[in-house]
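For reference, the structure discussed in these notes is given below.
Every read-out reported here was derived from the displayed coordinates using simple, explicitly stated rules and does not represent laboratory data. On a predicted model such as this, the values are computed, not experimentally measured, just so you know. Using ideal geometry, Cβ is built from the backbone for each residue, glycine included, and neighbour counts are taken over all protein chains shown.
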Amino acid sequence: MIIVMKKGADKEQLAEVKKRIRELGYKPHVIHGETRNVIGAVGDERGKSVLQTLEVMPGVESVVPILKPYKLASREVKPEPSTFDIGGGVLIGGENLVVMAGPCSVESEEQILETAHAVKAAGATVLRGGAFKPRTSPYSFQGMEEDGLKLLALAREATGLPIVTEVVNPRDVELVARYSDIMQVGARNIQNFALLKMLGRLDKPILLKRGMATTIQEFLMSAEYILAEGNRRVILCERGIRTFETATRNTLDISAVPVLKEQTHLPVVIDPSHATGHASLVPSMCYASVAAGCDGLIVEVHPHPEKAASDGPQSLRPMEFAAMMEKLRAFASVAGKKL
Ligand code: PEP
Ligand code: MN
């Protein structure tokens, strides 16, 4: 249910309504608007008619049901786009265009520092790098784990770039949170609800990647798991879905951008690297994504793709990344975004 407060409702009235929502067994989530506040009351769907009684409380304008199955992620609860800090003062959402870049996996101090300096010089504002790698084969490189996280922290110190890195196992949430600015949930973990709930209790932005066979509705329901625990800083990432096509690693669902923009206030980022699987296709998908209205990109960059421990074929060389960024500025400006 959405409890819409009156324009002049004061703090005490808001506090009373929140208290009553809790007494009825629901969780209140206040969304502060420019002219009025609204409270999303979420919890067990079965007893929602009791929430209707809040209508008689002082300061309450109306109580309306949320029609979508996802609640806090919906535009019904929060019509204006979410904008928030993702580390080091970098903002995502609204007119900001955030470019996250770096290698698929952290491999060595030299590799991560060289890449971090190069992507920063080209205009990226977040460094990506995997320390825990969810590989299709158990015999593939699984990541440097904590040593990789330490190298990411070193690269942040050297460049000032905030870090986005994946947490694969709920057991490692605390460890990964200690070193990272943004926690990534990989495509394969989109419905690991235990992991999502743990991340919902953190005070850290979460980059949630769409699974390879996840519908938009399922994607938003997974985001809802994080939001319902209290963490509002969820970034949605489209990274390609599985179709019959084999020319690309996955099929980039570019229409997911406007569809998500209609349905949710959460920022949307595109990963053209995992979507296409081929470095030569990455720049054009970056331009298309920005034209479609995304809030950010996450791009794999490696100084020596031919020697990469994972995802070399889809990784741009620093020079190629810099050239892409140059051209991207024009697309960003047409899309009304700051790069
Ligand atoms: C990655 O970002 O390196 C990765 C493994 O991505 P995905 O979960 O989208 O496959
Ligand atoms: Mn990768």
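List of remarks:
- Residue separation of Arg188 and Glu174 scaled by 0.36 nm, minus their Cα-Cα distance, works out to 3.1 nm of gained length.
- Each principal axis of the Cα atoms in the stretch 35-180 has its own extent, and those three values, largest first, are 64, 36, 23 angstrom.
- Only Lys, Arg (+1) and Asp, Glu (-1) charged, at Cβ; the stretch 84-334 dipole about Cα centre in debye: 300
- Nearest 10 degrees, 0 to 90: helix 216-228 Cα axis against the chain principal axis: 70
- Share of pairwise Cα separations in the stretch 212-267, more than 13 Å, in percent: 62
- Between Arg201 and Glu262, full extension at 0.36 nm per residue minus the direct alpha carbon distance yields a gain of 19.3 nm.
- Crossing angle, helix 146-159 versus the chain [Cα axis fit, 0-90 degrees, rounded to tens]: 90
- The DSSP beta bridges internal to the chain are antiparallel in roughly 40% of cases.
- Residue (of Gly43, Thr246, Leu202) at the positive-pole extreme of the chain, dipole from beta-carbon charges: Gly43
- Its DSSP H runs of at least 4 residues, each contributing -39,500 (n - 2.57), put the calculated 222 nm mean residue ellipticity of the chain at -10000 deg cm²/dmol, to the nearest 500.
- Rel. contact order, % - alpha carbon contacts under 8 angstrom, at least six apart, the stretch 63-128: 25
- Ranking Ser284, Ala256, Val99 by Cα position along the charge dipole of the chain, where only Lys, Arg, Asp and Glu carry charges on their C-beta atoms, puts Ala256 farthest toward the positive end.
- Based on alpha carbons, the Rg and Dmax found for the chain are 20.8, 67 Å.
- Exposed-site-free run, longest, the chain (rule: GluC sites (Glu not before Pro); DSSP loop; at most 16 other C-beta within 10 Å): 246-339
- Across the options His117, Ala213, Phe321, the greatest Cα extent toward the positive end of the charge dipole of the chain (unit charges at beta carbon of Lys, Arg, Asp, Glu) belongs to Ala213.
- Of the chymotrypsin sites (Phe, Trp or Tyr not before Pro) in the stretch 200-264, those whose Cβ has at most 10 other Cβ within 10 Å and which sit in DSSP loop: Phe244
- Helix 282-292 vs. the chain, principal-axis angle (Cα, 0 to 90°, nearest 10): 20
- Binned Cα-Cα distances of the stretch 2-64, short to long, each 5 Å bin given as a whole percent: 4, 20, 35, 26, 11, 3, 0
- In terms of surrounding Cβ atoms within a 10 Å radius of their Cβ, Met198, Met325 rank from fewest to most as Met198, Met325.
- Extension gain for Tyr139 to Met319 (0.36 nm times residue separation, less C-alpha to C-alpha distance): 61.6 nm.
- Between the stretch 96-133 and the stretch 234-280, the alpha-carbon center distance in angstrom: 20
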